[in-house]
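The values are calculated or read from the model by the stated rules, or taken from the named source; none is laboratory data. Just so it is clear, the model here is predicted, and its values are computed rather than measured. Here the Cβ positions follow ideal geometry from the backbone for every residue, glycine too, while neighbour counts run over all protein chains shown. SASA here: full protein model, heavy atoms, side chains in, ligands and nucleic acids out. Shrake-Rupley method; radii C 1.70, N 1.55, O 1.52, S 1.80 Å.
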Amino acid sequence: MILANIVLVLEMLYINVFATLSCTGKKRSDFANWFYLTLFTAVIFTLSWSLFPQEIITHLNANCRHLTLIGFIYVLPAYFLSKQPFRQLFVVFNIFWIYSLILNAISIRLAYIFYNMYYSYWTVGIQTFLYIISLPIIIKFMRQKLIFTIRNIKHGALNEILALTAAVVVLLYAEKHVFESGTTVFLESLIFLLIGLCFILTFRLTYSFVDASASVEILGIKSKTDPLTRLKNREAMLEDAALRMEKGMPFCLIFLDLDNFKTINDTYGHNIGDDYLVAFSNSARMFLDEEDRLYRISGDEFVILKSGGMCQDTCFNFENMEFLNNPSGISFLGLSTGFSKYPDDSNNINELLGIADSNMYQAKKEKHKKQLE
């Protein structure tokens, strides 16, 4: 019986850690994971045996309920071997531990009902069989549903899910203790199954909310992105400018208008014109600092939100730029620039746009005048 209970506990602990790692990602090879986990187990059992030898022997002879409490300690090697942040890892670890506790309770009850003699060995066999048929399904469910939820949910909600998983584990232990004081096997098994079902339904509901939220977020990103250049559009520019104003961050609004772009479309066609716009967008990104942003607000018109006050230098760099990669086959024909400053020129984004546009238009007129001379 002692050997059977040791195998029972170790099976739960090892499967819990390796199932967690299979969903959260491994830092090391499977061989290294087995080595470190076995080393950790040897240390834990050695310390436990030296401190509580009589208690361990008693529980190994009777049942392994109290020994499974050390399952929580195994989050330490799981964290050491996993790529996942601790809170997300702990949620996954708790979920698999809940799964293991439910399987263990079902295995013990089935073995007691049908195999009263040597039921500890039958418990190991039944638990192993239940792991074999259910673990691939649980891992698939975790990878497809719960891992997505855990990685995309907000921090506050993640803390609540962490508290939920820990509470369910405590509840399972409490229920098991109460049942051992006296109740029917059927009622005990039914309640354990209901706890597991409620837990799964809770996570499925959470996943539905997170999935819907992510879909809305993706849709919002697409609605604010120019499909050709992959730059943010006018709506996104207005939002970003408003956010900078709320934070009191000074910036330059630089208006860019590509020279002779209509000629390109008329001469070479719109496909070449699109390639020209993409070449400009990709090249222009290289002239921006980390906090600067480039937007396409219409056909050949772009806007830059540049932190600080280096407006004139930025305009000069763009007016003298060349294409870094040019799929259109047409050399860069230049552009005209105009800028305004927040908060020096205005505290209103539409007024800043108007000032920059007016300055750009004036610069374009002067350039055209010089070309005629």
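Summary table
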read-out	value
Residue within the stretch 358-373 that is open to solvent by less than 60 Å² (accessible area, probe 1.4 Å), closer than 29 Å to Pro250 by Cα, of a type outside the set (Phe, Trp, Tyr) and within 39 Å of the chain's Cα centre (by Cα) present	no
Residues of the stretch 316-334 classified as surrounded by fewer than 16 Cβ atoms within 10 Å (Cβ to Cβ), hydrophobic (A, V, I, L, M, F, W, C) and modelled with pLDDT of 80 or more, total	2
Count of residues meeting criterion [touching a residue at least 24 places away in the same chain (Cβ under 8 Å), open to solvent by less than 50 Å² (accessible area, probe 1.4 Å) and out of contact with any Pro (no Cβ under 7 Å at 6 or more places or on another chain)] in the stretch 15-31	9
The one condition in (1) open to solvent by 30 Å² or more (accessible area, probe 1.4 Å); (2) assigned to a loop (DSSP other than H, G, I, E, B); (3) more than 20 Å from Thr225 (Cβ to Cβ) that Asp313 fails to fulfil	(2)
Residue check for Tyr342: open to solvent by less than 40 Å² (accessible area, probe 1.4 Å), modelled with pLDDT of 85 or more, in contact with a Pro (Cβ under 7 Å, 6 or more places away or on another chain) and among the hydroxyl-bearing types (Ser, Thr, Tyr)	yes
Within the stretch 327-352, tally of residues that are among the aromatic types (Phe, Trp, Tyr) and at positive phi	0
